[in-house]
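Visitor: After the structure tokens below, expect a handful of questions from me.
The values are calculated or read from the model by the stated rules, or taken from the named source; none is laboratory data. Computed from a predicted structure; not experimentally measured. Ideal geometry is used to build each Cβ from the backbone, glycine not excepted, and the neighbour counts take in all protein chains shown. Note: areas computed on protein heavy atoms with side chains; ligands, DNA, RNA excluded. Shrake-Rupley method; radii C 1.70, N 1.55, O 1.52, S 1.80 Å.
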Amino acid sequence: MGSFAKTLSAFPLSGLLYRLSVKGYAALMHVAARVHPKARQWVQGRKGLMHQLATQLGPLVQGRPVAWFHAASLGEFEQGRPVIEAFRRQYPHYFIFVTFFSPSGYEVRKNYAQADYVSYLPIDTPAHARQLVGLLKPRIAFFIKYEFWYYYLRELRAQGTAILSFSAIFRPGQLFFKSYGGFYRGLLRYFDQILVQNAESEALLRGIGIAQVTQAGDTRFDRVKQIAEAARDLPEIAAFVGENPCLVVGSAWEADRAVLAPALNSLPALRAVIAPHEIKEPDLQRWEQTLDGAVLRYSVYKAAGFDSSAFAAARYLLVDNIGMLSSLYRYGQIAYIGGAFGSGLHNILEAATFGLPVLFGNKRYQKFQEAVDLIGQGGAWALEDTLAVEQKLRELLDAPPAREAAGAVCRAYVHDHTGATEAVMQRVKAYLEK
């Protein structure tokens, strides 16, 4: 292990804080589990987990090389999915082990067919890391975008595993670049290769002495291209939209509803297909109460056999299920994506790949490079309030050529940024086929 073994001992206070933070987080989750469903899933998913892995993995991996993919949550998994599936095609004899830190990833993708085994990640302790890495003995391990777990990285390095991070992105304010961030800089040195999204990330890493870095792009672009190519035909949505201009609203939160609903009410010629981020009954009812005109729930529409004539007066289709959104964008002319008025903007690339101009809130979008880029190129707009949303919708509806030009910018942007998966797989080949 050489200098790698010294990472923790070289920064005793930081190492102690790391151990305490991991244990403290686990303790907080146990407390939160009493009242919070996701915290309960996080805790219950790890009960007896090491025993389960110890009894199940040995026979399953017998005689097969192992590739381990780790994602924090569902978003990172979807980002890494093109690489997992490319790896499966290129190395079909490998046992693919996928782990998640968060229930948002595990609970949705626990039956993912391209993996041989999907699990929660056991808490990062010396014993867990030693046992799990010893069971797997992976030839290669991937950490998607984020996630830097000291004990797992240490054990993987000791095992001789090739360790890659891909679609990673770094910013000046992160701990790695602080004067007191030596412990965290040490974590980066465990990686054989860090494939980053952009030139800024590469420059930041090289500036702190991390040489094993390559600018390879963002695999999300490959993923949204896959999604667009596999988008389902939804004749019921086509029938609802008809010849009317249509806004597709994706992952809208309460703050988005408060801004968007009055703007929609002022545009009676516009139809909207709305996919709220939360589909709990109170959330759906708030949409119905604040939108003028007939609001139709998708479940009701489906139960009626998608009889469009029976619902001809409906202006709004409220999508009360999960899993349709990526296929809905093909039926719109404009997209509004939620989250930027709250914790952060959701995925705008799924709409962009279909050639839709994209609108979103102006509060928390800056850390998403695609949002910044598309604003600069004229394909997206960050809007501050209802009046701004209404004005921009009117502009785009009243000028079809300008709207189509903005959509073309979005489509070209996605197309021009694909290819990161191939760059990752070239690195994989270098490590596995020496």
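Visitor: Mind listing the long-range amide H neighbours of V213? Cut-off is under 5 Å, sequence gap 5 or more, other chains count too, H placed in the peptide plane at 1.01 Å from N.
Guide: I194
Visitor: Here's another thing I want to ask about it. Quick one: ranking R257, R64 by accessible area, 1.4 Å probe, largest first, what do you get?
Guide: Of R257, R64, the descending order of accessible area is R64, R257.
Visitor: How much of S343 can a 1.4 Å solvent probe reach, expressed as accessible area in Å² and rounded to 10?
Guide: For S343, the solvent-accessible surface is approximately 100 Å².
Visitor: Classify the range 292-340 from the C-alpha gyration tensor, please: rounded if a/c falls under 1.5, else prolate or oblate depending on whether a/b exceeds b/c.
Guide: Note, shape of the range 292-340 comes out prolate.
Visitor: Still on this structure, I have one more. Carbon and sulfur: what percent of the chain's accessible surface (1.4 Å probe)?
Guide: Carbon and sulfur atoms account for 54 percent of the accessible area of the chain.
Visitor: From the phi angles alone, apply the Karplus equation (6.51, -1.76, 1.60; θ = phi - 60°) to the range 350-362 and give each ³J(HN,Hα) in whole Hz, x where the residue is Gly or Pro.
Guide: Those phi angles translate into 4, 6, 4, 5, 8, x, 9, x, 10, 10, 6, x, 9 Hz.
Visitor: Compute the separation of the alpha-carbon centres of the range 86-136 and the range 137-160 and state it in Å as a whole number.
Guide: After rounding, the separation between the Cα centres reads 12 Å.
Visitor: With angles folded into 0 to 90 degrees, how steeply does helix 150-159 sit against the dominant principal axis of the chain? Use alpha carbons for both and round to 10.
Guide: 60
Visitor: Another one. With n ≥ 4 as the cut-off for DSSP H runs, can you work out [θ] at 222 nm for the chain, using -39500 (n - 2.57) per run divided by the number of residues, rounded to the nearest 500?
Guide: My calculation for the chain gives -14500 deg cm²/dmol from helical runs alone.
Visitor: Could you work out the relative contact order of the range 200-273, using alpha carbon pairs under 8 angstrom and six or more residues apart, expressed as a whole percent?
Guide: About 28 percent, as a whole number.
Visitor: Using a probe radius of 1.4 Å on heavy atoms only, what accessible surface per residue do you get for the range 179-305? Whole Å² is fine.
Guide: Using a 1.4 Å probe on heavy atoms only, each residue of the range 179-305 averages 41 Å².
Visitor: Quick check: from the Cα gyration tensor, does the range 233-367 come out rounded (a/c under 1.5), prolate or oblate?
Guide: Since a/c reaches 1.5 and a/b is larger than b/c, the shape of the range 233-367 is classed as prolate.
Visitor: In addition: With a 1.4 Å probe and every protein chain left in place, tell me how much accessible area V118 has, in Å² to the nearest 10.
Guide: Rounded to the nearest 10, that gives 20 Å².
Visitor: So what is the accessible area of the range 1-153 per residue, in Å², with the probe set to 1.4 Å?
Guide: Accessible area per residue: 45 Å².
Visitor: May I ask you to work out the translational diffusion coefficient for the chain at 37 °C, viscosity 0.692 mPa s, via Stokes-Einstein with Rh from the Kirkwood sum over Cα pairs, reported in whole µm²/s?
Guide: Result for D is 140 µm²/s.
Visitor: Output the peptides 94-106, 407-419 sorted from most to least packed, where packing is the average of other Cβ atoms within 10 Å over each peptide's residues.
Guide: 94-106, 407-419
Visitor: Which of the chymotrypsin sites (Phe, Trp or Tyr not before Pro) found in the range 160-233 are in a DSSP loop and have at most 12 neighbouring Cβ atoms, other than their own, within 10 Å?
Guide: Y180
Visitor: What aspartates and glutamates sit close enough to K302 to cross-link, taking a C-alpha to C-alpha distance under 13 Å and skipping anything fewer than 8 places away on the same chain?
Guide: In chain and number order, the partners are E236, D320.
Visitor: Let me ask something additional. Just the ratio, please: alpha-carbon radius of gyration of the range 307-389 over 2.2 N^0.38 Å, N its number of residues.
Guide: 1.20
Visitor: In the P(r) worked out for the range 279-434, what percent of Cα pairs fall beyond 28 Å?
Guide: Tail of P(r) above 28 Å: 33 percent of Cα pairs.
Visitor: Shifting gears a bit: Below 18 Å, Cα to Cα, which aspartates and glutamates can K429 reach? Residues fewer than 8 away in the same chain don't count.
Guide: E85, D192
Visitor: Label the range 168-210 by shape, choosing from rounded, prolate and oblate, from the square roots a ≥ b ≥ c of the eigenvalues of the Cα gyration tensor; if a/c is under 1.5 it is rounded, and otherwise prolate applies when a/b is larger than b/c, oblate when it is not.
Guide: The shape class here is oblate.
Visitor: Run the numbers on the chain and let me know its relative contact order in percent, using alpha-carbon pairs under 8 Å that are six or more apart.
Guide: Averaging sequence separation for qualifying contacts and normalising by length gives 12 percent for the chain.
Visitor: I'd like the accessible area for L175: 1.4 Å probe, protein heavy atoms, all chains in place, Å² to the nearest 10.
Guide: Number for this one is 80 Å².
Visitor: Let me ask something additional. For the peptides 344-352, 280-288, what is the packing order when you average, over each peptide's residues, the other Cβ atoms within 10 Å and list the highest mean first?
Guide: 344-352, 280-288
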